[in-house]
Amino acid sequence: MPHASQVLVVEDSRVQAKIISQHIEDTTPFTTIVTHTLAETRAAMDAHRGDIFVAILDRNLPDDPNAAIVPLAKSLDIPAVVMTASFSEEVRQQLIEQNVVDYFIKSMAEINTMERLIERLYKNLSVRVLVADDSRLFRSRITSLLHNLNLQSVEAEDGQQALDIFTADPNFSLIITDYNMPRLDGFDLIEAIRAHHPKDTLSIIGISAENGGHIARFLKIGANDFLVKPIQVEEFTCRVHQQLDMLEMIQDYKRMCEQFKK
């Protein structure tokens, strides 16, 4: 089944909406749906839900004094990226609490960065992530963040279950693993996987409530990156996307080298 391939652009200024929409269509392979009010947006989301893989939202619409636009997207399971004319720490906290993918200031420089995010979110629709942690609550938190990035996730309740899942089906681009788990901890899990799957084919992010020596050991045994609990949403998004981008660049380089040899 083909993936949804349209970007919903919600902006009350028709001039701004045209600029953003045109720029997206000129620089990415995606088409856009443009709306200017909450009512138009609700109708567009209902009519085109299966076609939209991300929504670019303006939080200041004429018929939306309570900023209901972001919760609306969330209720329909549409990843939301917010563009705002002004920014403050209060706004940042509100957006994080609303589980938006990211936020940008309305400027051409920011639009270019936003377009790269849009392309990443589309590619994520085909990416699988294995999450290993013995805490059901923490696994749920991580898988929720991954889902918000359009990533598919599979959960494992400890290192041994993660290894069994991966051995049976290694079709994952990223593994996110806790350190302290029963049966098989994160260090042993990484060592077992790295014995057959190098860094240029699979990215691994280690997670622990402790830093210091754990960071060094995670990296030495084969993790690509490391996060410390509690997880910060913005850092998590950046590090996950950096790993996927790097993996993609390596694969592109290897394909280019193979073509050159021919």
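The values are calculated or read from the model by the stated rules, or taken from the named source; none is laboratory data. Keep in mind the model is a prediction, meaning the values are calculated, not measured. Neighbour counts are summed over all protein chains in view; Cβ atoms, including those assigned to glycine, are modelled from backbone coordinates with ideal geometry. The area values use the complete protein model at the heavy-atom level, side chains included, leaving out ligands, DNA and RNA. Shrake-Rupley method; radii C 1.70, N 1.55, O 1.52, S 1.80 Å.
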- Task: Would you please put 59-67, 198-206, 186-194 in order of how densely packed they are, using the mean number of other Cβ atoms within 10 angstrom per residue and starting with the highest?
- Result: 186-194, 198-206, 59-67
- Task: Tally up the carbon and sulfur contribution to the accessible surface of segment 14-128 as a whole percent, 1.4 Å probe, everything protein left in place.
- Result: 52
- Message: So if I place +1 on the C-beta of Lys and Arg and -1 on the C-beta of Asp and Glu, and nothing else carries charge, what would the dipole magnitude of the chain be about its Cα centre? I want it in debye, nearest 20.
- Response: 580
- Message: So if each residue of separation counts as 0.36 nm, and I subtract the Cα-Cα distance between Leu137 and Glu248, what length gain in nm does that give?
- Response: 36.9 nm
- Spin-label point model (7 Å from Cα, Cβ direction): what's the Arg49 to Lys261 distance in nm? 4.8
- Note on the structure: Nearest 10, in degrees from 0 to 90: the angle of helix 233-261 to the longest Cα principal axis of the chain is 70
- Item | Listed candidates (i) 17.4, 50; (ii) 19.9, 61; (iii) 19.1, 64 - label of the one calculated as Rg and Dmax of the Cα atoms in Å | (ii)
- Query: Restricting the count to DSSP beta bridges whose residues both fall in the chain, what percent are antiparallel, rounded to a multiple of 5?
  - Reply: 0
- Query: Measuring from label point to label point, each 7 Å out along Cα→Cβ, what is the Glu234 to Asp26 span in nm?
  - Reply: 2.9
- Query: What's the center-to-center distance, using Cα atoms, between segment 73-151 and segment 1-48 in Å?
  - Reply: 17
- Cross-link reach list, lysines versus Lys261, counting only Cα pairs under 25 Å and skipping chain neighbours closer than eight places: Lys199
- Query: What accessible area per residue comes out for the chain, rounded to a whole number of Å², with a 1.4 Å probe?
  - Reply: 49
- Query: At Glu191 and Asn171, where each label point lies 7 Å from the Cα along Cα→Cβ, what is the point-to-point distance in nanometres?
  - Reply: 3.1
